[in-house]
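Presented below is the structure to which this report refers.
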Amino acid sequence: MIPGAAAVAETPPRGRQVRANRAMNDFRDGVEELIPALRRYARALARDADIADDLVQDTLVRALRSEKLFHGGDLRSWLYTILTNLNRNRRRALARRPPLLPLNDTGADASGTEAEGGDIARALATLVEEQRAVLLLVVLEGLSYREIADIQRVPIGTVMSRLARARAHIRATLAGERPMLKRVK
Amino acid sequence: MTDPKIPVTEDELHAYVDGELPDERHGDVEAWLSSHPADAERVASWRAIAEALHARYDQVFDEPVPPRLQIDRLTNRPPRRWIAGAIAATLAAFIAGGGAGWFAHGAAATPSIFRNFTVDALDAHRLYVVEVRHPVEVEGSERAHLQQWLSKRVGYVVRAPELDGAGLKLVGGRLLPGPDAPAAFLMYESASGERFTLYTSRAKTDATQMRYASDDRDGALFWTDRGVGYVLSGPTDRDRLSEVAKQVYEQTDKSGG
């Protein structure tokens, strides 16, 4: 990509500048590697391709801008934390708008693997935000309970109970039980 | 099968499924599951949820990363910074101007070119976006032909930008008379039927500052780049318009105009 990058990498560090460049490139490479996973998480979390990629873009911009604030902790957890927070802010901003839910959304029109995908997406949509995030971070992204507790800034016990509720709720929804009726004022 | 000495808790079942259970408890949990079918069924259902999630969302992981999320673009892109600054300045000026009616403030350069271009482009925009059956002469499905034909007629390389990132698909294009020379007119549409048009023609100016204009129904962003004037018209939503404009700008910049 950068002409002469290989040559720079082969010569021994000549001082602070070279080390700083290398650290910067490591950081960027690390971020870059995580983009596909962040997109997957964002897509499942926001359930809209454009919103999801907006979230990822904002996450990346923010991460790259705060590169100097990042002191070699767990890059992956840090990026998931930014994305999770951005999504929470986005939802807060939207909270005043009335939600539009599909009418008679039975899923009867879908079939095969499409139906499976559709069902799980619909079931996800019925979860509360925090529960959905926990479920996705554990199941889809393979983060540990500890990491998620740090991301959500809650005790591990809270992560566990969110996970248990999310799984129970999804299971009931997929099994065709009526999901709890949304309260209508 | 005998129950383990210590009963298995629900937390442990989750930890078991998620690989967080201490090794020494594994045997106990497996024994518990073989003698507690309801729990075994629950665990199976959790695994099914995991499979369904991966089946649905792993494809996103495997997709190529879209250009706007590529790290080089996010870290190293002077044109984008330039344009973002230009747009911000334009929008600030627009808001300060009260946003009513025509608005053509901004620095010194060539208000007449700006005005001619935007008036023509917005006229075309209004005329054709309402067309349901014949909005374009050449359909977007014939992209290569469309680009070749328009390029030949307007005298510079016309490349229809990919605006999928903004949720827009190319409907097609047509040739129009322009202020000084023929104009290429491209129309895009979102899934919800929102339409944007991109109007380009030779412009005798090097001013590159981006300008915004709007009336009560339509908004337009105008800029010039290497002798070509661009007007992107769409809804008056400035954020949306500048989002699309950025993508157009980046791509025309890349293709070398």
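The values are calculated or read from the model by the stated rules, or taken from the named source; none is laboratory data. Computed from a prediction, not measured in an experiment: that's the story for all the values here. Quick reminder, even Gly has a Cβ in these numbers, built from the backbone with ideal geometry, and neighbours come from all protein chains shown.
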Among residues of region A:76-105 being within 13 Å of another protein chain (Cβ to nearest Cβ) and modelled with pLDDT of 85 or more, the residue surrounded by the fewest Cβ atoms within 10 Å (Cβ to Cβ) is A:LEU79
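Limited to region B:163-195, what total is found for residues that are among the acidic types (Asp, Glu) and away from every other protein chain (no Cβ under 14 Å)?
Counting residues in region B:163-195 that are among the acidic types (Asp, Glu) and away from every other protein chain (no Cβ under 14 Å) gives 2.
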Counting only residues that are modelled with pLDDT of 90 or more and more than 10 Å from chain B (Cβ to nearest Cβ), region A:114-128 contains a total of 2
Residues in region B:47-67 that are in contact with a Pro (Cβ under 7 Å, 6 or more places away or on another chain) and assigned to a helix (DSSP H, G or I) total 1
By residue number, the members of region A:129-166 that are among the β-branched types (Val, Ile, Thr), more than 9 Å from chain B (Cβ to nearest Cβ) and closer than 28 Å to A:GLU33 by Cβ are A:VAL134, A:ILE148, A:ILE151, A:VAL154, A:ILE156, A:VAL159
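In this structure, is A:ILE35 more than 10 Å from every other protein chain (Cβ to nearest Cβ) and in a helix (DSSP H, G or I)?
Values: more than 10 Å from every other protein chain (Cβ to nearest Cβ): no; in a helix (DSSP H, G or I): yes.
When the stated conditions are applied, A:ILE35 does not pass them.
I need the full set of residues from region A:139-157 which are assigned to a helix (DSSP H, G or I) and crowded, with 16+ Cβ neighbours inside 10 Å, in order please.
Looking only at region A:139-157, we keep the residues that are assigned to a helix (DSSP H, G or I), and these are A:139-140, A:145-152, A:156-157.
Result: A:VAL139, A:LEU140, A:TYR145, A:GLU147, A:ILE148, A:ALA149, A:ASP150, A:ILE151, A:GLN152.
Given the residues B:ALA191, B:ALA181, B:ALA213, which is the only one that is at pLDDT 85 or above and touching a Gly at 6+ places or on another chain (Cβ under 8 Å)? Reasoning before the result, please.
Working: B:ALA191 fails: at pLDDT 85 or above; B:ALA213 fails: at pLDDT 85 or above.
Exactly one of B:ALA191, B:ALA181, B:ALA213 is at pLDDT 85 or above and touching a Gly at 6+ places or on another chain (Cβ under 8 Å), namely B:ALA181.
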Exercise. Does B:ASP11 satisfy being more than 30 Å from A:ILE35 (Cα to Cα), in a helix (DSSP H, G or I) and facing another protein chain (nearest Cβ under 8 Å)?
Worked result: yes
Of the residues in region A:38-62, those that are more than 7 Å from chain B (Cβ to nearest Cβ), charged (D, E, K, R) and within 17 Å of A:SER77 (Cβ to Cβ) come to A:ARG62
Within region B:174-219, the residues that are of a type in the set (A, V, I, L, M), surrounded by 24 or more Cβ atoms within 10 Å (Cβ to Cβ) and under 25 Å from B:ARG143 (Cβ atoms) are B:ALA183, B:ALA184, B:LEU186, B:MET187, B:LEU198, B:ALA203
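Here's the yes/no breakdown for (1) touching a Phe, Trp or Tyr at 6+ places or on another chain (Cβ under 6 Å); (2) more than 7 Å from chain A (Cβ to nearest Cβ); (3) closer than 23 Å to A:LEU60 by Cβ:
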residue	(1), (2), (3)
B:GLU41	no, yes, no
B:ALA44	no, yes, no
B:ILE49	no, no, no
B:PRO66	no, no, yes
B:THR75	no, no, yes
Per the filter on region B:20-40, residues assigned to a loop (DSSP other than H, G, I, E, B) and over 15 Å from B:PRO7 (Cβ atoms) are B:GLU20, B:PRO22
ask   = Does B:VAL132 fit the bill of being over 17 Å from the mean Cα position of the chain (by Cα), surrounded by fewer than 21 Cβ atoms within 10 Å (Cβ to Cβ) and not in a helix (DSSP H, G or I)?
value = yes
Is it the case that some residue within region B:139-153 is surrounded by 19 or more Cβ atoms within 10 Å (Cβ to Cβ), closer than 30 Å to A:ALA49 by Cβ and among the charged types (D, E, K, R)?
-> no
